[in-house]
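Derivation of every value follows stated rules applied to the coordinates shown; laboratory data play no part. What you see is a predicted model; the values in this text were computed from it and never measured. Cβ sites come from the backbone with ideal geometry, for glycine too, and all protein chains shown count toward neighbours.
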Amino acid sequence: MLSTKNIYLITLADDDEIDFEVKDALKKRFAGTSALANLLRVKAAAEKHSAEYTAKGQRIQTLQAKKADAQAFVRDMEREIARGMQYPPKEMERKAAAEQKIAAIMAEIAALRNAPQSTNLPDDTIIEWIRDSKVNFVDAEVKVTTLPKGKTQGEAVEELRNRQRDLNGEKQAVVKQPVPFEDALARVIADVDAKARAMDVRPAMRLKTSVNDYVSHRVGRHSEMQGHVEWPSAEEIVESGRRVEMDQGNALVSWLFRDEIIARGTAELKKHYGNAKGMSAEERARRIAEIDAEILEAERQEEAFIRMAEDAGMTIWRRPNAHPLAVLGIAPA
């Protein structure tokens, strides 16, 4: 009797669509897990989704051909009628039926084109994730999922997806929380101090003389060549490629009026914070990790209901952004 491991390896060897790197990853990092079986589920669903999309396009093409034939029939009759042709009642009934057929076909084509396009998780997404994986995995412990009373698998999946949307909203609210006031004030002070640059008075202590001045003893010119104060500036490149020095008044002001700027900045900061307390980096990271764990658990339950529907012969498309850990039913070892 073949072992589960042997069946696993035989299945891998027979699947030509899974490349060597992915097969190698499945053997080494996912061995003993249900990852392969769940990947094959995803592949089957992706193929079915692609087939439905293709069938829809082919149906539209068939309808367009039928519409063209019916339109040609009506057009020919109308041309002959315009020339004085008198058709018997039965032929006129055929013309009316063709016109009704054209209207029905156009309505069906419009309905097919306007119908929301279903989305599905591409198997390439999961295959790429497996290929890029770096750690070993084991089967995840998933809470026993039973279908809520009076609910279908589709309704249960939709409820879980709504829950995930709510959790993602909570996560964004956490991400947008300001840092604690003290941290923000420290950043203001640090930025002012980093920007501050004093004027450089040292050049005024020196004479900018040349060798010729010393040789000719033209010391009378020395006072004219005395250095000047250098102001805070930054080098900029203009459109022509020429480099120019641009004065930085804000750097000088940050040095000259440091305490006043910080005091005004503190007042502005208090006004913006109001009653908000802010959230520390540690608390933010902890809360985001908690929400991510809740989202992943909801995704695992969602996948369980999707598989339940598949086993019952029904189809619920997976979300294109479904988490690979949930879809493959695994967790890092």
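Some observations on this one:
- For beta carbons closer than 7 Å, sequence separation of 6+ or different chains, a first residue in the stretch 44-56 that is closer than 20 Å to LEU112 by Cα and a second that is assigned to a helix (DSSP H, G or I), the qualifying pairs are LYS56/LEU112.
- Failed item in (1) surrounded by fewer than 14 Cβ atoms within 10 Å (Cβ to Cβ); (2) part of a helix (DSSP H, G or I), with LYS143 passing the rest: (2)
- Residue within the stretch 99-109 that is farther than 30 Å from ARG307 by Cβ and under 35 Å from the mean Cα position of the chain (by Cα) present: yes
- Search result, residues across the stretch 268-325 that are without any contact (Cβ under 8 Å) to a residue 24 or more places away in the chain, closer than 21 Å to GLU158 by Cβ and of a type in the set (Asp, Glu): ASP311
- Residue within the stretch 246-266 that is loosely packed, with under 15 Cβ neighbours inside 10 Å and either within 30 Å of SER34 (Cβ to Cβ) or in contact with a strand residue (DSSP E or B) (Cβ under 8 Å, 6 or more places away or on another chain) (or both) present: yes
- The condition of being aliphatic (A, V, I, L, M), under 24 Å from PRO180 (Cβ atoms) and crowded, with 16+ Cβ neighbours inside 10 Å does not hold for MET308.
- Tally of residues being of a type in the set (A, V, I, L, M, F, W, C) and surrounded by 14 or more Cβ atoms within 10 Å (Cβ to Cβ) across the stretch 82-103: 2
- Among the candidates ASP76, ASP24, residue that is among the charged types (D, E, K, R), more than 30 Å from ILE330 (Cα to Cα) and free of Cβ contacts under 8 Å to residues at least 40 places away in the same chain: ASP76
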